[in-house]
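For reference, the structure is listed below as structure tokens.
All of the numbers you see were taken from the coordinates with simple rules; none came from a lab. Here the structure is a predicted model, which means the values were calculated and not measured. Here the Cβ is made from the backbone with ideal geometry for all residues, glycine too, and neighbour counts use every protein chain on show.
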Amino acid sequence: MAEPKVKYDRQLRIWGEQGQAALEKASICLLNCGPTGSETLKNLVLGGVGSITVVDGSKVEVGDLGNNFMVDESSVGESKAKCVCAFLQELNDAVKAKFIEDCPEELIETNPSFFSQFTLVIATQLVEDSMVKLDRICREANIILIFARSYGLMGLVRISVKEHTVIESKPDHFLDDLRLNNPWQELRRFTETIDLNTTDAVVHKHTPYIIILVKIAEEWANTHGGNLPSTREEKRQFKDLIKSKMITMDEENYKEAMEASYKVFSPRGIGPNLQKIIDDSCAEVDTNSSDFWVMVAALKEFIANEGGGETPLEGSIPDMTSSTELYVNLQKTYQAKAEADFLVIEQRVRNLLEKISRDPASISRANIKSFSKNARKLAVCRYRLIEDEFNSPVQPELQKYLTDEDYRTLQEANSLKVLPENTAGGLYILLRAADRFAVNYNKFPGQFDSEMDEDISRLKTTAVGLLNDLGCNSSALSEDLINEMCRYGASELHAVAAFVGGVASQEVIKLITRQFIPMSGTFIFNGIDNKSQLLLL
Amino acid sequence: MADSTSQSRSRDLDKLLLRPGNLVGSTFEPGTQLREDIKEIVRVLVIGAGGLGCELLKDLAFSGFRNLEVIDMDRIEVTNLNRQFLFRLGDVGKPKAEVAAKRVMERVSGVDIKPHFCRIEDKPISFYNDFSIIVLGLDSVEARSYINSVACSFLEYDSDDNPREETIKPMVDGGTEGFKGHARIIMPGVTPCFECTIWLFPPQVKFPLCTLAETPRTAAHCIEYAHLIKWDEVHSGKTFDPDYPEHMQWVYSEAVKRAELFGIPGVTYSLTQGVVKNIIPAIASTNAIISAVCSLETLKIVSGCSKTLTNYLTYNGVEGLHTKVTEFVRDKDCIVCGPGVLIELEVSITLKKFIDLLEDHPKLLLTRVSVTYRGDNLYMQAPPVLEEMTRSNLDLPLFELMSKTPTDIVHVTGAAGKGDKKQSCSRKLRVVFKGVGVTDMDMAGGA
């Protein structure tokens, strides 16, 4: 194996060579390289992204030596972007690293076209006003944007892109696609060649559960007017029927069949997530449609026609007790059906492309194949403009995140210092209030030791004003939390920055590799008791 | 917007350590003294200098800790470089602990990190008692279990069976696999120890040998056949070494042959390595996230500067982002963090007889036992010098060796478990001699 392949071995096992190739093509821009930004990029440089551009206009101060690993004593007074960039380059020479000694806020104001050259922009430690402006620029240019912010013991991560579609979502737990509740003709035929009532004990205990369940389901349907078990009682009877076929009680394959019997009971057809996708207006394709939506349109046709309500078959089966021969043949039966389904999808894709006046060959076979295989697991993520979230958050959601009656009563009754379950909602509001505060007073609340008391009451007023503007009840805001926010004084703690940077880099990887599902909503890290939350605003 | 502290290295951390707050621990005393104590007095041990360990050392160094030590038995490999950011290609082959310590000290001035390039079992138990807190960045259940048993062995209970606070050795534990991870805090005697919730780490499923030999179905079955059965058949007596590329290549080609014979798809060299070495996928971001939580919790436990995690955090970034905090409860009968396994003995029993007894004790099943009492080695299995020095004690009555103390705690180390599942551990025993000092009535209460 070549050295880069060995170096990336542990991550190639997660996102494969395709994912790695996407990372190596990506060009990433970082705004502000304090610890939050530096740590985010560190994780990406280690993973081997194509190129990075570090933008920061500040010089290294002594204070930076206490929270940023990418600067050291010799860097004091030098450009922070230059020092951070040099250290990052040291981590991986395959990455093209460069820096720009410019203030991100100024770039946003004066040179919006600057951002169009990147695959993705990571904006760290920006205040609300700059976030909103940058978001507009990136949305216009269709550049993926991710905000990351560390503030005392709290943090925020937010993705912003019009639409992100995923074919390989690789969920942890997903029901395998065995069609035990709806076997196709070839599978039925295959099972017909097997006799469950064989007297050969070795053959009997090496019959895979797929065959057992298909046959018993058929037997059941024949005596139940063509229906499969649906009530609890019927399901119990079905399991008893499986049990009655056992020769001895230690036959693993029959135990597996009983455990997997729920696969016979599960509903036919497609799940609600996929239904939502094929019902999406984007599935009505035209010349401007993306490859993904063209394939969704083909899938929709397949489900309505050849599929008979089902997606193309995935084509793999889990390991199960079986003789080698039966297992391998079963595997071939599934693969053949998956291949046949894929060919239908492919033809439909080509026809659709022609219909919308695109080159019929413009979507590769490999992509269509992957789409066909993963059809049940597709994901579409859309993100509101940050401006819209800030100005008109989903009000009932916000109120819910802020209110926690149990906590308030408990606290008033016992004056216990327990944290409310919904601290994250309060932290979100207070971070926004801190940015408003900064606009009004030209400093963050609690930035100076001498003005703490004053700042606490000012922050409270600001937060109450913000909540009123958003149409929320402000009584839910905890005094302790306001006090806590002032205590933080806009500090950027290294460990918090490492957490926020870790999350941000993980999301960048998911967005670039187009694998796994990126987070939706606004993530609030609660470093007080670790009850972090995703706010769907 | 400058502040008087902006020219200080602890500019940001000071906000957290010098200012009072309401959402803090009960022991929190903000001020420069606290900051200095963390710097000067607190000693932190990091176990493991791998994916988590590298991050932990950096994060702890930036959380105000100056006295750090790190222990790791491994050397740097090329496959570490995608996440263990303290290592470079030129470091491959060097001890992880040493390089990690050096790199952090180079960049964070004032911090002192002492590396230990050895196995965790190589250190005397007393070594672990010197630290204020132990942070674990490990990838094995066995190693976690061992450190847990060591830390719990320091725990003493008072006469009401409440843990003595000064004997509690806090631990913070992290673990990752791909996009998933966990972080937890263990305060022995207060929160569940690793052993109380061992069910969170189910043993790895192994393929039945008859499947490998007779009915292989998957690529992994073919690989394990070549690795576990064919190797021994062909290379009689030669041990398979997964770090020898020739060995791995041999297993791979045998697996390919077997797969072709049975018509099984999917054997690749990469999968062969994965199956044989039980490789856990690992990435930089998850390690960064989990280590950050562990470091922050370490600072909170030591300083009280915020609420602490109660007591187990799970993280999953596969679909969206999920974090969950669960408060697990202690197992009251835990033999590791409980008040100790009660052993009733005759005064005449010799140390040798006592050691034999532990082997058959249903709760202990301890072999290769070494015994210490109040810091003195009564019998040591190793090293040979110590064994020889302590051997003469074997024929003496334990009661004599314990200065005729009617009841007291005795610490033993050894290998626990049956068959091939043995692992190193440390156990605390509450030894009571029959018919001396305490009446039967008292004993009933104490047991």
Among B:78-91, A:501-514, what's the highest-first ranking by average C-beta atoms within 10 angstrom per residue?
A:501-514, B:78-91
Explain nothing, just the number: relative contact order of chain A, from Cα pairs under 8 Å at least 6 residues apart, as a whole percent.
20
Between B:Leu394 and B:Asn162, what's the calculated FRET efficiency when r is the beta-carbon distance and R0 is 35 Å? Round to 0.05.
0.45
Can you give me the Cα centroid spacing of the stretch A:347-375 and the stretch A:110-163 in angstrom?
33
Compute from the Cα atoms of the stretch B:264-422 the Rg and the Dmax, the latter being the longest Cα-Cα distance, and quote both in angstrom.
23.5, 69
What average count of beta carbons from other chains do you get within 10 Å of the Cβ of residues in B:206-218?
3
Kirkwood-based Rg over Rh for chain B (C-alpha set), two decimals?
1.01
Calculated P(r) of chain A - Cα pairs past 33 Å, %
55
Rounded to two decimals, what ratio of Rg to Rh does the stretch B:24-66 give with C-alpha atoms and a Kirkwood Rh?
1.06
Cβ-Cβ cut-off under 10 Å around A:Arg268, Lys and Arg +1, Asp and Glu -1: the net charge is 0
How large are Rg and Dmax for the stretch A:176-316 when calculated on the C-alpha trace, in angstrom?
18.7, 62
With equal scatterers on the alpha carbons only and no solvent term, can you work out the Debye log10 of I(q)/I(0) for the stretch B:59-189 at 0.14, 0.16, 0.20, 0.22 1/Å?
-0.73, -0.93, -1.35, -1.51
Percent antiparallel among DSSP beta bridges with both residues in chain A, to the nearest 5?
50
To the nearest Å, what is the center-to-center distance of the stretch A:494-522 and the stretch B:333-365, using C-alpha atoms only?
51
Considering only Cα-Cα distances, which of the following residue pairs are longer than 31 Å: A:Lys400/B:Lys58; A:Lys245/A:Lys373; A:Lys243/B:Lys363; A:Lys369/A:Lys531; A:Lys98/B:Lys114; B:Lys123/B:Lys332?
A:Lys400/B:Lys58; A:Lys245/A:Lys373; A:Lys243/B:Lys363; A:Lys369/A:Lys531; A:Lys98/B:Lys114
Any idea what angle helix A:452-469 forms with the longest principal axis of chain A, computed on alpha-carbon atoms, 0 to 90 degrees, nearest 10?
50
Residue-span extension gain [B:Lys418 to B:Lys257] - 0.36 nm each, minus C-alpha spacing
54.3 nm
Counting only DSSP beta bridges with both residues in the stretch B:29-129, what percent are antiparallel, rounded to the nearest 5?
10
On a 0 to 90 degree scale, rounded to 10, what angle separates helix A:35-47 from the longest Cα axis of chain A?
40
Kindly provide log₁₀ I(q)/I(0) values, in the same order as q = 0.12, 0.25, 0.26 Å⁻¹, from the Debye equation applied to equal alpha-carbon scatterers of the stretch A:43-94.
-0.26, -0.94, -0.99
If I stretch the segment between A:Asn305 and A:Leu343 completely, what's the gain in nm (0.36 nm per residue apart, minus their alpha carbon distance), one decimal?
12.3 nm
If N is the residue count of the stretch A:78-143, its Cα Rg over 2.2 N^0.38 Å rounds to 1.22
Under the Karplus relation with 6.51, -1.76 and 1.60 and θ = phi - 60°, whole-Hz ³J(HN,Hα) for the stretch A:221-229, x at Gly and Pro, equal 4, 4, 9, 10, x, x, 9, 9, x
Each residue of the stretch B:312-321 in order: what ³J(HN,Hα) in whole Hz does its phi give by Karplus 6.51 cos²θ - 1.76 cosθ + 1.60, θ = phi - 60°, with x for Gly and Pro?
9, 10, 10, 10, 9, x, 5, 10, x, 8
So if the hydrodynamic radius of the protein assembly as shown is defined as the Kirkwood radius over C-alpha pairs, what does Stokes-Einstein give as its diffusion coefficient at 25 °C and 0.890 mPa s, in µm² per second?
78
Percentage of interatomic Cα-Cα distances in the stretch A:13-151 larger than 25 Å:
24
List the residues whose amide H sits under 5 Å from the amide H of B:Phe328, counting only those 5 or more places along or on another chain, with H placed 1.01 Å from N in the peptide plane.
B:Asn311, B:Tyr312
Antiparallel content of DSSP bridges confined to the protein assembly as shown, in %, to 5:
55
Using θ = phi - 60° and Karplus 6.51 cos²θ - 1.76 cosθ + 1.60, couplings along the stretch A:483-494 (whole Hz; Gly, Pro as x)
4, 4, 5, 5, 4, 5, x, 6, 6, 10, 7, 4
